[in-house]
Amino acid sequence: MTDDEKIKVARVLKVAYESTGNTPRMRESMKQFEVNFDGLVGPTHNYAGLSFGNVASLNNANAVSSPKQAAKQGLAKAKALVDMGMMQGVLAPQERPDIAALRRLGFTGSDARVLESAAKQSREIFLACCSASSMWTANAATVSPSADTADGRVHFTPANLTNKFHRSLEPQVTGNILRGTFADEKYFAHHQHLPDNEHFGDEGAANHTRLCSNYGQAGVELFVYGRHAFDTSKPAPKKYPARQTLEACQAVARLHGLDDDGVVYMQQNPDVIDQGVFHNDVIAVGNQNVLFFHEQAFFQKEAGLKELQAKFGDEPLHFIEVPTDEVSVLDAVKTYLFNTQIITLPSGDMTIIAPTECQENEAVSRYLDKLVTLGTPIKSVNYFDVKQSMRNGGGPACLRLRVAMNDQELAAVNQNTLISDTQFARLNAWVDKHYRDELTENDLRDPQLLIESRTALDELTQILKIGSVYPFQQG
Ligand code: SUG
């Protein structure tokens with residue numbers, strides 16, 4: 001038997017085995033959803049140029065930000081998806097400036113004193129502890145739906161984000177927020193983030209794509225890594241860091257109880273990392289039976305795509321490959337053509353949620369106009385202004401964490417985190433009440449801003465009923 005045939009047999013056996021058990025058969029009669037959980041932008045959203053390898057972050061260092069506009073752009077996108085008939089949730093932001101982290105680093109006294117001395121003594125540490133980065137929930141965690149996992153629960157592993165100091169501050173509180181949102185242990189399993197070390201550098205769902213025929217059926221989870229941690233003879237980028245390791249991907253797959261025949265590992269092309277593609281979701285995105293990617297996205301592409309198709313089964317996958325001569329890597333990075341969300345509308349058609357930067361770029365908008373006529377499941381494009389996020393290198397897809405669930409699981413989610421007309425109105429009013437129109441680096445040192453932010457976040461935990469997730473609430 002060839003390797004391909006072995007994979008197919010294993011897959012067929014798995015389906016046959018599953019069809020004898022209760023849980024999967026019950027699943028067939030259930031409704032299936034993909035719910036996007038968007039990161040709420042926090043009240044101290046700012047641009048600090050913290051992400052080496054992320055071109056937008058470096059280019060916009062120290063620009064004046066608008067937390068209010070940023071939060072409203074995010075909420076507007078989330079609500080627009082609800083209006084398209086999608087299920088949509090939100091995840092709370094983190095507290096920044098991160099006073100607990102500054103204290104851990106030796107700054108003492110009152111909170112005002114901690115802010116003042118950190119800003120004076122070490123601007124870099126101070127700014128890192130102020131980062132807005134928890135808004136990009138594609139980096140919050142890796143999520144495996146219950147149809148893929150050994151114990152039939154939805155599994156979450158917060159990303160350790162070790163490559164950037166400012167992001168490495170996130171996983172603990174991310175875990176608290178995820179537990180407050182997906183609390184029911186009958187349906188949801190939460191793991192601790194991987195060890196905080198570059199060998200297990202993990203950036204979460206930004207490097208993870210799940211392909212499936214239907215959200216409730218076992219799918220193929222594609223993990224994309226930037227380098228091998230232990231075997232340094234393997235190819236790796238030369239200029240910018242590869243944030244995700246193969247070893248981290250494998251650890252997450254083990255923790256989630258995924259079958260080898262439902263997992264594929266592909267390496268990101270090291271050359272595109274060196275051109276500013278710091279996460280796979282800057283160069284590829286998938287949904288159900290569609291994988292949309294740039295010609296240069298993957299190292300050893302053909303073998304990887306073949307394995308994906310073999311593990312997916314008989315139904316052909318739509319591999320939509322964008323050639324370099326139609327869209328350059330540079331334009332892909334500038335416009336975030338691949339940091340789009342591909343979603344399946346209630347009609348069954350897919351649409352692309354793209355940033356307006358794609359519409360403004362000639363080559364990219366020409367490509368997207370053509371794409372919807374190619375006979376693939378993607379039939380339309382919707383453009384959104386998420387410029388406040390784009391300036392830090394976060395497009396529509398960075399702003400969301402996808403969680404595929406059946407109706408029982410969805411009913412077990414903390415319902416206050418789901419966007420309804422009422423929650424949308426409440427969250428907008430909350431932003432209007434607490435957020436500033438503009439923020440500069442100087443403002444971040446202001447103890448009054450810390451008080452305002454804590455007041456806002458404390459109120460948010462009551463709106464979302466997620467419990468006391470922040471260190472400042474824990475005394
Ligand atoms: O990790 N930017 C984030 C952007 C994350 C985008 N997410 C995905 N592609 N899924 C990052 O580089 C910049 C913060 C600053 O410079 O102020 C930042 O952290």
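The values are calculated or read from the model by the stated rules, or taken from the named source; none is laboratory data. Predicted, not measured: the structure shown is a model, and the values here were computed from it. Every residue, glycine as well, gets a Cβ built from its backbone with ideal geometry; the counts of neighbours run over all protein chains shown.
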**Request:** Would you point out the residue of region 209-242, among those that are part of a loop (DSSP other than H, G, I, E, B) and touching a Leu at 6+ places or on another chain (Cβ under 8 Å), that is surrounded by the most Cβ atoms within 10 Å (Cβ to Cβ)?
**Result:** Gly219
**Request:** Could you please let me know if Ala205 is among the small types (Gly, Ala, Ser) and either out of contact with any helix residue (DSSP H, G or I) (no Cβ under 8 Å at 6 or more places or on another chain) or not in a loop (DSSP other than H, G, I, E, B) (or both)?
**Result:** yes
**Prompt:** Name the residues in region 50-75 that are assigned to a helix (DSSP H, G or I), over 24 Å from Asp331 (Cβ atoms) and out of contact with any strand residue (DSSP E or B) (no Cβ under 9 Å at 6 or more places or on another chain), would you?
**Reply:** Lys68, Gln69, Ala70, Ala71, Lys72
**Asked** Condition test on Ile342, is it more than 16 Å from the ligand (Cβ to nearest atom) and either at pLDDT below 95 or among the β-branched types (Val, Ile, Thr) (or both)?
**Response** no
**Prompt:** Taking region 313-345 on its own, how many of its residues are touching a residue at least 40 places away in the same chain (Cβ under 8 Å), over 30 Å from Met87 (Cβ atoms) and in a loop (DSSP other than H, G, I, E, B)?
**Reply:** 2
**strands (runs of 3 or more DSSP E) lying entirely in region 140-193 (those with 1 or more residues that are modelled with pLDDT of 95 or more and surrounded by fewer than 20 Cβ atoms within 10 Å (Cβ to Cβ))** = 188-190
**Request:** Considering each residue of region 444-473, count those that are assigned to a helix (DSSP H, G or I) and within 30 Å of Ala63 (Cα to Cα), and give that number.
**Result:** 18
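Quick grid of which residues meet (1) touching a Gly at 6+ places or on another chain (Cβ under 7 Å); (2) more than 21 Å from Ser389 (Cβ to Cβ):
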{"position": "Cys130", "(1), (2)": "no, no"}
{"position": "Met135", "(1), (2)": "yes, no"}
{"position": "Val173", "(1), (2)": "no, no"}
{"position": "Asp196", "(1), (2)": "no, yes"}
{"position": "Gly201", "(1), (2)": "no, yes"}
**Prompt:** For region 333-391, which residues satisfy the criterion of being basic (Lys, Arg) and more than 17 Å from Ala297 (Cβ to Cβ)?
**Reply:** Arg366, Lys370, Lys379, Lys387, Arg391
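Are any residues in region 183-213 acidic (Asp, Glu) and under 18 Å from Phe33 (Cβ atoms), and if so, which ones?
Asp184
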**Message:** Among the residues of region 108-121, are any of a type outside the set (Val, Ile, Thr), at pLDDT 95 or above, in contact with a His (Cβ under 9 Å, 6 or more places away or on another chain) and in a loop (DSSP other than H, G, I, E, B)?
**Reply:** no
